[in-house]
1. Taking all pairs of different Cα atoms in segment 14-88, averaging 1/r and flipping that mean, what Kirkwood radius in angstroms comes out?
2. Give the peptides 73-80, 54-61, 18-25 in descending order of average Cβ contacts within 10 Å, highest first.
3. For segment 65-81, take each phi angle, set θ = phi - 60°, evaluate the Karplus expression 6.51 cos²θ - 1.76 cosθ + 1.60, and give the result in whole Hz per residue in order, putting x for glycine and proline.
4. Among DSSP beta bridges whose residues both lie in segment 14-88, state the antiparallel percentage, nearest 5.
5. Using amide H atoms built 1.01 Å from N in the peptide plane, name the residues 5+ places from Gly56, or on other chains, whose amide H lies under 5 Å from its own.
6. For Cα pairs less than 8 Å apart in space and 6+ apart in sequence, what is the mean separation divided by the residue count of segment 14-88, i.e. the relative contact order in percent?
Amino acid sequence: MQNGAHNTPVTSGRLLGFVRVLIGGQQFELAVQSMTFEKDGDRTAGGFFVNEGQLGILVDDDASPEGVQAQIEKGTEDAVRHLSQKYLN
């Protein structure tokens, strides 16, 4: 998803929008999708993912609006870290 190209998301969640990340002059657009997760203890579901070369952020469909925003922010931070390691090191 470089250079502003939108790829069809690999996962089957409900598309909420996109987050644009700029790393080293390259632009990446991450699909933000909402899905229902089975709860596994107190862990927060969702987050940044890489699947078959596509990047995205999953958020919990049952989360509050504040929880969704927090998941998107954390997923974006993880994406920046991942992409920085890949393209700047």
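We did not get these values from a lab; they are worked out from the coordinates using the rules stated. Since this is a predicted model, take the numbers as computed values, not measurements. Neighbour counts are summed over all protein chains in view; Cβ atoms, including those assigned to glycine, are modelled from backbone coordinates with ideal geometry.
1. Working: mean 1/r = 0.0786 Å⁻¹.
Radius from the Kirkwood sum: 12.7 Å.
2. On the way: 73-80: 16.2, 54-61: 21.4, 18-25: 13.4.
By packing density, highest mean first, the sequence is 54-61, 73-80, 18-25.
3. With coefficients 6.51, -1.76 and 1.60, one gets x, 5, x, 4, 4, 5, 5, 5, 4, 5, x, 5, 4, 5, 5, 4, 4 Hz.
4. Values: 14 of 19 bridges.
Bridges in segment 14-88 are about 75 percent antiparallel.
5. Long-range HN contacts for Gly56: Phe49.
6. Working: 112 pairs, mean separation 21.7, N = 75.
Relative contact order for segment 14-88 comes out at 29 percent.
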